[in-house]
1. Going through the range 188-211 one residue at a time, which ones are assigned to a strand (DSSP E or B) and not polar (S, T, N, Q)?
2. What are the residues in the range 260-286 that are in contact with a Phe, Trp or Tyr (Cβ under 9 Å, 6 or more places away or on another chain), outside any loop (DSSP other than H, G, I, E, B) and either under 14 Å from Arg211 (Cα atoms) or without any contact (Cβ under 8 Å) to a residue 24 or more places away in the chain (or both), if any?
3. Checking Ser305 against (1) surrounded by 24 or more Cβ atoms within 10 Å (Cβ to Cβ); (2) hydroxyl-bearing (Ser, Thr, Tyr); (3) over 21 Å from Ala162 (Cα atoms), which test does it fail?
4. Tell me which residues, restricted to the range 287-302, are buried (at least 19 other Cβ atoms within 10 Å of the Cβ), part of a helix (DSSP H, G or I) and not charged (D, E, K, R).
5. Being hydrophobic (A, V, I, L, M, F, W, C), farther than 19 Å from Phe40 by Cα and in a loop (DSSP other than H, G, I, E, B) is the filter here; which residues of the range 76-107 pass it?
6. Which ones in the range 163-177 are without any contact (Cβ under 8 Å) to a residue 60 or more places away in the chain and farther than 15 Å from Val204 by Cα?
7. Only one residue in Ala176, Ala164 is touching a Ser or Thr at 6+ places or on another chain (Cβ under 7 Å) and crowded, with 19+ Cβ neighbours inside 10 Å, so which one is that?
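Read the figures in this text as sums done on the coordinates, not as results from a lab. All values derive from a computational prediction rather than experimental measurement. Please note: Cβ atoms are built from the backbone with ideal geometry, for glycine as well, and neighbour counts cover all protein chains shown.
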Amino acid sequence: MTEPANSGAIAPEAQAAGAVLMIRPRHFGANAETAATNFFQGDAQAAPDSALRAQREFDALAFALASAGVLVYQFNGLPKPALPDEVFPNNWLSLHADGTAVLYPLLAENRRRERRPDIITALQREHGLRVKRVVDLTELETRGQYLEGTGSLVLDRTRRVAYAALSPRTHPSALAEFGRAFGYETVAFTAVDRATRPIYHTNVLLSLGTRFAALCTSSIADAAERRAVCACIESSGREIIDLSFAELEQFAGNLLELNGVQGPVIALSAGALAALATDKRHALERFGRLVTADIATIERVGGGSVRCMLAEAPSLNR
């Protein structure tokens, strides 16, 4: 069942999910349609074995999460058409504990083909998730208004606050539409890299855990916006772990807290962990067990990291 965007608020839910959706890439590679807005994509011409390397990296991350007690719903990528970014499902889909699934408007036309109703059906029929309604925001693409899931949106799920760094992939009108449709307060701001270019997704510079936030405050150049974002985060009782540009560039902000069977885990890449200053790594370790995998090819060629590969599937859905 697909519903219009104004179909009611998402109920409050826990911040950290105990399960994730992951898509094993079949045709991973450089995406020319996204390169102009994602400056984290380093290789315009991917190596011939990039697809195989990405599959191995995917398997390593899925195994590490499962070993930490996180439930992984794994699906294979499509044989055709070739979708170089299908390993990043959180941009087209978010799942919520009340049984809501949300489909999002994407900037790149070749990424729009990543949206797969068959996966939502399989989550229900094969895995017992309770998807009661699908809310479709994709009509916003016809207006040039994009909002790329939990790449654009970093959600405080317990307080219903959505943080969003505006960029070509995160339009203020689409953000406002999300807020109205689901009863979220929205906190919009502008974030740039050290070359003052807009950062394409909010989840590169900000991650919200249950009791912490990893944030590159220097990327929010406007002092008033920076104070407002920090004040809102701190009002939730979270401790801010302030990341440097160097740490941001190695995807140290692109991490995700999850619930393992033995307590909270924080998923991040091996490169991100290596980039973290010792005091910040120790700060993160106070909030959960650090779970890592080396996904250097996915990061370098795809311009995204661990958080981008994970679409949360809240445990209350099971």
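1. Let us first name the residues in the range 188-211 that are assigned to a strand (DSSP E or B), namely 188-190, 192, 198, 206-208.
Selection gives Ala188, Phe189, Val192, Pro198, Leu206, Leu208.
2. First, the residues of the range 260-286 that are in contact with a Phe, Trp or Tyr (Cβ under 9 Å, 6 or more places away or on another chain): 264, 266, 268-269, 271-272, 275, 283-284, 286.
Imposing the further condition that a residue be outside any loop (DSSP other than H, G, I, E, B) reduces the set to 264, 266, 268-269, 271-272, 275, 283-284.
Residues satisfying the conditions are Pro264, Ile266, Ala283, Leu284.
3. (3)
4. Once the filter is applied, which keeps residues that are buried (at least 19 other Cβ atoms within 10 Å of the Cβ), part of a helix (DSSP H, G or I) and not charged (D, E, K, R), the range 287-302 yields Thr297, Ile298, Val301, Gly302.
5. In the first step, residues of the range 76-107 are kept if they are hydrophobic (A, V, I, L, M, F, W, C); the result is 78, 82-83, 87-88, 92-93, 95, 97, 101-103, 106-107.
With farther than 19 Å from Phe40 by Cα added as a condition, the list becomes 78, 82, 92-93, 95, 97, 101-103.
Correct list: Leu78, Ala82, Trp92, Ala97.
6. First pass over the range 163-177, keeping only residues without any contact (Cβ under 8 Å) to a residue 60 or more places away in the chain: 164-166, 170-173, 175-176.
If the condition is that a residue be without any contact (Cβ under 8 Å) to a residue 60 or more places away in the chain and farther than 15 Å from Val204 by Cα, then His171, Pro172, Ser173, Leu175, Ala176 are the ones that fit.
7. Values: Ala176 fails: crowded, with 19+ Cβ neighbours inside 10 Å.
Going through Ala176, Ala164 in turn, the sole match is Ala164.
Residues are listed down the side, and each one gets a yes or a no for (1) farther than 18 Å from Arg226 by Cβ; (2) not polar (S, T, N, Q):
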site: Thr150; (1), (2): yes, no
site: Thr158; (1), (2): yes, no
site: Ala164; (1), (2): no, yes
site: Leu175; (1), (2): yes, yes
site: Ala181; (1), (2): yes, yes
site: Tyr184; (1), (2): yes, yes
site: Ala191; (1), (2): no, yes
site: Arg194; (1), (2): no, yes
